[in-house]
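The values are calculated or read from the model by the stated rules, or taken from the named source; none is laboratory data. Quick caveat: nothing in here was measured; it's all calculated off a predicted structure. Don't worry about glycine lacking a Cβ; one is built from the backbone with ideal geometry, like all the others, and counts go over all protein chains shown. To get the accessible areas, we keep the full protein, side chains included, count just its heavy atoms, and leave off ligands, DNA and RNA. Shrake-Rupley method; radii C 1.70, N 1.55, O 1.52, S 1.80 Å.
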Amino acid sequence: IEKVLGSYTKNSRLINNKDEILIQEQVTNLLSSGVVFTRDIQTNSPYLVINLESGSGRSDIVTSGKEGNLSKYYIRRNGVHKNKNKNLNKIIELVNELITITYNDALDIEFGFDKNNNLFLFQVRSISRKLAIKDFDDKDVFEMSDSAKLYFNSKQKVLPSILGSKTF
């Protein structure tokens with residue numbers, strides 16, 4: 001506990017009287033675990049980037065960079081989510097709750113699911129905004145994404161001169 005408390009003052013950060021340390025029981029019987037960034041750390045775009053490992057029963061595969069049964073998902077943050085994967089929906093709900101609670105939309109969140117598909121939050125911290133370049137507003141990203149989607153969908157028409165059921 002002292003080591004964790006000591007880490008709060010790294011980089012000349014001052015202790016805030018609202019800082020808290022949560023101590024929880026170790027989660028056993030892990031089905032999957034991972035990390036979600038609430039912004040793309042390369043571009044600072046408003047997308048959830050979910051890295052999920054399944055099958056090892058461990059919580060450190062994604063964070064350590066070890067090999068495992070890894071999946072990666074990019075999900076637009078302000079979109080309507082119709083995921084068939086109920087665990088992805090649980091992660092999205094957790095993310096939205098943490099953004100609301102922390103008043104911070106740039107988070108690094110570690111989580112896990114047990115064999116009963118219960119979601120556990122292991123850790124949440126801010127993403128350094130210095131990591132990415134941001135020359136645009138989130139609204140611009142969403143407008144460009146919507147425009148690209150409309151263009152792509154417009155090219156899906158069947159044309160008599162092209163074989164197949166899709167043209168693009």
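The residue that is surrounded by the most Cβ atoms within 10 Å (Cβ to Cβ), among those in region 44-71 that are hydroxyl-bearing (Ser, Thr, Tyr) and at pLDDT below 80, is SER59.
Whether a residue is of a type in the set (Gly, Ala, Ser), at pLDDT below 90 and more than 16 Å from the chain's Cα centre (by Cα) was assessed, and GLY79 does not pass this test.
Taking the condition of being farther than 30 Å from LYS72 by Cβ and either in contact with a Ser or Thr (Cβ under 8 Å, 6 or more places away or on another chain) or open to solvent by less than 70 Å² (accessible area, probe 1.4 Å) (or both), how many residues in region 17-35 meet it? Explain how you work it out, then say what you get.
Residues of region 17-35 farther than 30 Å from LYS72 by Cβ: 17-21, 23.
Still in the list and also either in contact with a Ser or Thr (Cβ under 8 Å, 6 or more places away or on another chain) or open to solvent by less than 70 Å² (accessible area, probe 1.4 Å) (or both): 19, 21.
Residues flagged as farther than 30 Å from LYS72 by Cβ and either in contact with a Ser or Thr (Cβ under 8 Å, 6 or more places away or on another chain) or open to solvent by less than 70 Å² (accessible area, probe 1.4 Å) (or both) within region 17-35 amount to 2.
Taken over region 75-119, the criterion of being open to solvent by 60 Å² or more (accessible area, probe 1.4 Å), in contact (Cβ under 8 Å) with a residue 40 or more places away in the chain and more than 23 Å from GLU25 (Cβ to Cβ) is satisfied by ASN78 alone.
Considered as a group, the residues in region 146-168 that are modelled with pLDDT of 70 or more and charged (D, E, K, R) include one that is nearest to ASN78 (Cα to Cα), and that residue is ASP146. If you go through region 28-44 and keep only what is over 12 Å from the mean Cα position of the chain (by Cα) and not in a strand (DSSP E or B), you end up with THR28, ASN29, GLN42, THR43, ASN44.
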